[in-house]
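For reference, the structure is listed below as structure tokens.
The values are calculated or read from the model by the stated rules, or taken from the named source; none is laboratory data. What you are looking at is a predicted structure, and each value in this text was computed from that prediction instead of being measured. Here the Cβ positions follow ideal geometry from the backbone for every residue, glycine too, while neighbour counts run over all protein chains shown.
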Amino acid sequence: MRPIVPDYLAEALGDVESDTSGDPAGYIPELAAADPERLGAAFAMIDGEVYGAGDIDIEFTIQSISKPFIYALALSDRGFDPVLAKVGVEPSGEAFNEISLESDTGRPLNPMINAGAITVHSLAGAEDLNPTERVERVVHGLSAFAGRRLMMDEAVCASEMEHAHRNLAIAHMLRSHNVLTKDPRAIVDGYIRQCSVLVTTRDLAMMAATLANRGINPLSGEQVVPEPVVRQVLSVMFSCGMYDAAGDWATQVGIPAKSGVAGGLIGALPGQIGIATFSPRLDSHGNSVRGVSLFERFSSDMGLHVM
Ligand code: DON
């Protein structure tokens, strides 16, 4: 297997390389300046072996791919009931930055859209943590999923904070419904810091493999979150991870997944493999164009669809 998989990955990257459709995220100036030609793919097996091709050791910001992992931390730190009371599990069928709140309660429809993820950020760690301690809980947790200490890109973070009006509006709305109970500005600041954590494609594959391995990081052997939490997270990734493209993804790729606007994309197949791709040009849903093509190919070539 060892020599065959990298060849297969290199060939798959070669086949999507000529697709230059889409654009890097434009609403965060630092991301708009990213090199759009970057391309990488990695497979992390649940025994810890990693196979990769292309730019798998280039760092970029995790963005929305942090959402399922912080959902896992919140469920693990606070328990299911308090988290489910605040954030639902229904697909919104809307873009990631739509408001998407239940009309009577103000509860965000799911934790993968921004409204849900901002709320979930506020639920990571113990309730009495201050904003700095909560960010540290988040970075520490993401690092445990990756199996190495992750750092933050301060420039991307500052750049997004300057253009965070929509997330601030969502957070104020959540505060008005008492879904958020603390200062909305501090929570958005923490959420944007969470999105600015730097990862490589290799890290993302290992983080996905930790989910595939029922919460145990294949390298460190650490049980990062309990198994029932992983089942909940993967279920929500399956139904909501690709926003308003979630239905297309479920039929065509058929594995739990999550995308980020820096161009990362992960998929986790329980008991088998974590997959990650990186290519910054995005489609109209905010998902990586070449990443989606690569996942469609991997799913079809290797029969990964869960159905
Ligand atoms: O909330 C935001 O706007 C971003 N920092 C994260 C969004 C994101 O990655 C959406 N995913 N495709």
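Figures for the structure shown
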| read-out | value |
| --- | --- |
| Condition check for ALA25: exposed (fewer than 15 other Cβ atoms within 10 Å of the Cβ) and either within 16 Å of the chain's Cα centre (by Cα) or outside the structural domain of GLY141 (by TED's automatic domain parsing) (or both) | no |
| Any hit, region 88-103, residues being among the charged types (D, E, K, R), assigned to a loop (DSSP other than H, G, I, E, B) and under 23 Å from GLY141 (Cβ atoms) | no |
| Which listed residue, of GLY254, GLY260, is touching a residue at least 24 places away in the same chain (Cβ under 8 Å), more than 12 Å from the ligand (Cβ to nearest atom) and small (Gly, Ala, Ser) | GLY254 |
| Residues being under 30 Å from ASP104 (Cβ atoms) and of a type outside the set (Phe, Trp, Tyr) - total across region 42-89 | 22 |
| Answer from SER103, SER92 - the residue that is more than 16 Å from LEU234 (Cβ to Cβ) and either free of Cβ contacts under 8 Å to residues at least 24 places away in the same chain or surrounded by fewer than 22 Cβ atoms within 10 Å (Cβ to Cβ) (or both) | SER103 |
| Evaluation of ILE113 against (1) closer than 20 Å to VAL225 by Cα; (2) surrounded by 20 or more Cβ atoms within 10 Å (Cβ to Cβ) (one fails), failing number | (1) |
| Of all residues in region 131-149 being within 16 Å of the ligand (Cβ to nearest atom) and buried (at least 20 other Cβ atoms within 10 Å of the Cβ), the one that is farthest from PRO184 (Cα to Cα) | LEU142 |
| Condition met for GLY116 (in a helix (DSSP H, G or I) and touching a strand residue (DSSP E or B) at 6+ places or on another chain (Cβ under 6 Å)) | yes |
| Count of region 21-72 residues which are assigned to a loop (DSSP other than H, G, I, E, B) and either touching a Ser or Thr at 6+ places or on another chain (Cβ under 8 Å) or within 16 Å of the ligand (Cβ to nearest atom) (or both) | 17 |
